[in-house]
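Comments concern the structure below.
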Amino acid sequence: MGRAFVYVILGGGVAAGYAALEFTKKGVSPGELCIISEETVPPYERPALSKGYLLPEAPARLPSFHTCVGANEERLTPKWYKEHGIELILGTKVKSVDVRRKTLLTAVGETISYKILIIATGARALKLEEFGVSGSDAENVCYLRDLADADRVVDVMQSCASGNAVVIGGGYIGMECAASLVTNRINVTMVFPEVHCMARLFTPKIASYYEGYYNSKGVRFVKGTVLSSFEIDPIGKITAVNLRDGSQLPADMVVVGIGIRPNTSLFEGQLTLEKGGIKVNGRMQTSNTSVYAVGDVAAFPVKLFGETRRLEHVDSARKTAKHAVAAIMEPEKTDEFDYLPFFYSRFFTFSWQFYGDNAGEVVHFGDYSGNTIGAYWISKGHLVGSFLEGGTKEEYEALAKTTRLKPAIDDITDLERQGLGFALTVSKKPLTSPPTDVSDSTLVLERPLFAWHATAGVIMAASIAAFAYWYGKKRRRW
């Protein structure tokens, strides 16, 4: 026995929820669409898991953060999917996909066929065993990727109040979980091999700013080394963490955030892969014209920089999902995806936003002993990236617009002197086409960026900035 649908979304993360909402906006008929997910609940806003979900008081719980509340849109509860005739096939693992036959085979032996497939399989958390360290199955070792992981973190956290937590990793998960653990009155030590936190994005100066605050909250940083083994008691519980530098840390719980790996295994040998993900064009279409890929798993052309990238952030998941559906449902009205890379995070009282690319020479600005700091990145004579902590709605919008425009920078010293004022000034000038180097692009040929392209891009950038500012101020708990 099997079922057939016109559209199938494989994966139940953030991208799946935003794709479903977009399908309804574009006129999908009842019974045409289904979502297949290994999770037992409909799609939800994953950023809540490392923030509001871990609060000691009035924590966020479903259904409050189902998609698409993160973008101030409808909350898609099970009732919503039923009312719109969208089939939810939850708690279901797909063991194989045949893109030539357009079929999926579930672990229980059911065949599901489709006309159009959207791959929204996301990524999985890297496990310690992949680095030669055993112990992931210990009851007080936690990862954080889905709702079940978050429930485990909460249970373990509550069982070791005022105890010691070791956080392995200094990226998004490490920083956000460390802040949540401190809020729960747990002693925290962070361990990572890099010289400072958020090494893929932060400069040493920016990292020092945040690390100083974490230190003031009692967080200890152990840098330049990695976990080598655990001390385990007779009942299988971790009691200490052994590091490669020979030191040992007491541990009542361990949170591991050492990266992710895109879930591409079902499509290896069937679709073209690149950058660790599934290669798509500017319409999010894979090497098979009936298959699209979105979110963390998609490697797509970033027109602004003329190269293919795979971006691991919720904003990219939301935007790529909506664009794929638009390309499917209204192909003649949908241009190639033109995305300004955007990242943000919140921990303690901080809220920062980053736009563009952190390549080239860095120019820092702001008061690094105060509440507002920032930086610009200059490459090949143009501003290509920007960062701001503690900005206003208008300032974030200005930063996004300026980064999108890639203005020429002739005087680094003057840029440093102007600081945030530079973005505020440039963002008010008439729009011109930014330079685009497409020599490294492997997916699509770039078209000239006429004035209306630039206008559309700036509007998108401004809307992203406005949403992120609102999201941080109005929904701090998430």
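Things worth noting here:
- In order along the stretch 293-299, phi translates into HN-Hα couplings of 9, 9, x, 4, 7, 9, 9 Hz, rounded to whole numbers, per the Karplus curve 6.51 cos²θ - 1.76 cosθ + 1.60 with θ = phi - 60° and x for Gly and Pro.
- For the peptides 270-279, 363-372, the ranking by mean Cβ contacts within 10 Å, running from highest to lowest, is 270-279, 363-372.
- Cα centroid separation - the stretch 377-407 against the stretch 1-51, whole Å: 34
- For the stretch 310-417, the fraction of 1.4 Å probe accessible surface lying on carbon and sulfur atoms is 44 percent.
- Fraction of beta bridges assigned by DSSP in the chain that are antiparallel (%, nearest 5): 60
- Relative frequency of Cα-Cα separations exceeding 22 Å in the stretch 349-427, percent: 12
- In sequence order, the stretch 129-146 has phi-based couplings of 4, 6, 10, x, 10, 8, x, 4, 8, 5, 5, 10, 9, 10, 10, 9, 9, 9 Hz under the Karplus curve 6.51 cos²θ - 1.76 cosθ + 1.60, θ = phi - 60°, and Gly or Pro positions carry x.
- Protection proxy ranking of 4-10, 200-206, by the mean of other Cβ atoms within 10 Å over each peptide's residues and highest first, is 4-10, 200-206.
- Spatial separation of Cα centroids for the stretch 292-365 and the stretch 128-162, in angstrom: 30
- Taking every protein chain into account, the accessible area of the chain amounts to 41 square angstrom per residue (probe 1.4 Å).
- With θ taken as phi - 60° and the Karplus curve 6.51 cos²θ - 1.76 cosθ + 1.60 applied, the whole-hertz 3J(HN,Hα) list for the stretch 241-248 is 10, 9, 9, 5, 7, x, 7, 10 Hz, x standing for glycine and proline.
- Rounded to 0.05, the FRET efficiency of the residue 287 and residue 106 pair, given R0 = 25 Å and the Cβ-Cβ distance, is 0.55.
- Of the residues 410, 245, 146, the one with the largest accessible area comes first in the ranking 410, 245, 146, computed with a 1.4 Å probe on protein heavy atoms.
- Label selected from [x] 24.2; [y] 22.9; [z] 23.5, the criterion being Kirkwood radius over Cα pairs in Å as computed here: [z]
- 19 Å Cα-Cα threshold exceeded, pairs from 275/380; 406/428; 333/429; 303/429; 26/303; 26/115: 275/380; 333/429; 303/429; 26/303
- Using alpha carbons only: equivalent-ellipsoid semi-axes of the stretch 128-258, gyration tensor based, whole Å: 22, 17, 14
- Annotation for residue 268 and residue 410: the two label points, set 7 Å from Cα along the Cα-Cβ direction, are 5.3 nm apart.
- In Å², nearest 10: area of residue 265 left accessible to a 1.4 Å probe: 90
- Amide H contacts under 5 Å for residue 239, placed H, 5+ residues apart: 231, 232, 233
- In the chain, helical runs assigned H by DSSP with n ≥ 4 each contribute -39500 (n - 2.57); averaged across all residues and rounded to the nearest 500, the mean residue ellipticity at 222 nm is -8000 deg cm²/dmol.
- Residue 136 contributes an accessible area of around 20 Å² to the protein surface, as traced by a 1.4 Å probe with all chains present.
- At least 27 Å along the helix axis (C-alpha) and Kyte average at least -0.5, DSSP helices within the chain: 451-474
- Rel. contact order, % - alpha carbon contacts under 8 angstrom, at least six apart, the stretch 128-258: 33
The values are calculated or read from the model by the stated rules, or taken from the named source; none is laboratory data. Because the structure is a prediction, the values reported are computed rather than measured. We place every Cβ from the backbone using ideal geometry, glycine too, and count neighbours over all the protein chains shown. Calculation scope for accessible area: heavy atoms of the full protein, side chains included, ligands and nucleic acids excluded. Shrake-Rupley method; radii C 1.70, N 1.55, O 1.52, S 1.80 Å.
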